[in-house]
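Report on one structure; see the data block that follows.
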Amino acid sequence: MPDEKPSRESRRAMQRRLKRPPGRPRNPALEFRFEPTKADRELVKLLAGYALPHDRIVKAIRNPHTRRPIGIGTLYKHFADELDAGATEVDALCTEMLTKRLREGNVTALIWVTKNRWGWKDVVEQQGRSAVDLSIQIKSREELAKQLEKHGLPPIDFGYDKPVLDDLEPRFIEHNGSAED
């Protein structure tokens, strides 16, 4: 039976024959495991301290064998301590610098501490009353004049001091540019 084609082996049978775990990559370059360096650890600690999201931190760390960014799972597996300690170390550094400025007598640092740590506020209190009491009830014009004089205002009868032009006829001015000229 030389004309018969050999039967194709299934993928699962081939993996069993080659003793490979299922789903393992075939490219030998992808077989190399990621091993973090000291520089990688410091970079992850710094980026975590700056509160960068983890999906952006993984783009900064590359596997030297594949030259591709590591995955989120790899980040959590190899850099768990650095992710936890990063924010704490940056906070400690900022606190140390702030303490140094406070000891030097930096006014800006003092103001920042009193407002943010102690809850102090800038409060401006007004001296005296800025509101005017306008609750005067006037019954007549004469009483209004007396009240105005009492408060140091000129005694004007509001609304009644304007001239009334009801009894005057309108007059025409010559050469005012109208068509009637």
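At Glu42 and Leu153, where each label point lies 7 Å from the Cα along Cα→Cβ, what is the point-to-point distance in nanometres?
Going from the Glu42 label point to the Leu153 one covers 7.6 nm.
Could you give the length gained on full extension between Arg11 and Tyr50, defined as 0.36 nm per residue of separation minus the Cα-Cα distance, in nm?
9.4 nm
By how many nm would the segment from Ala145 to Val90 grow when fully extended, if each residue of separation counts as 0.36 nm and the alpha-carbon distance is taken off?
Stretched fully, the Ala145-Val90 segment lengthens by 12.5 nm.
P(r) tail for the stretch 25-85, what percent of Cα pairs lie past 15 Å?
The proportion of pairs with Cα distances above 15 Å equals 45 percent.
For the stretch 47-53, take each phi angle, set θ = phi - 60°, evaluate the Karplus expression 6.51 cos²θ - 1.76 cosθ + 1.60, and give the result in whole Hz per residue in order, putting x for glycine and proline.
Computed from phi, the couplings for the stretch 47-53 are 5, 5, x, 7, 6, 6, x Hz.
Calculate, in nm to one decimal, what Glu104 and Val123 gain on full extension: separation in residues at 0.36 nm each, minus their alpha carbon distance.
That pair, Glu104 and Val123, stretches by 4.2 nm at full extension.
Taken together, the values in this text are just the output of simple stated rules run on the coordinates, not laboratory data. A quick note: this is a predicted structure, and the numbers were derived from the prediction, not measured. Quick reminder, even Gly has a Cβ in these numbers, built from the backbone with ideal geometry, and neighbours come from all protein chains shown.
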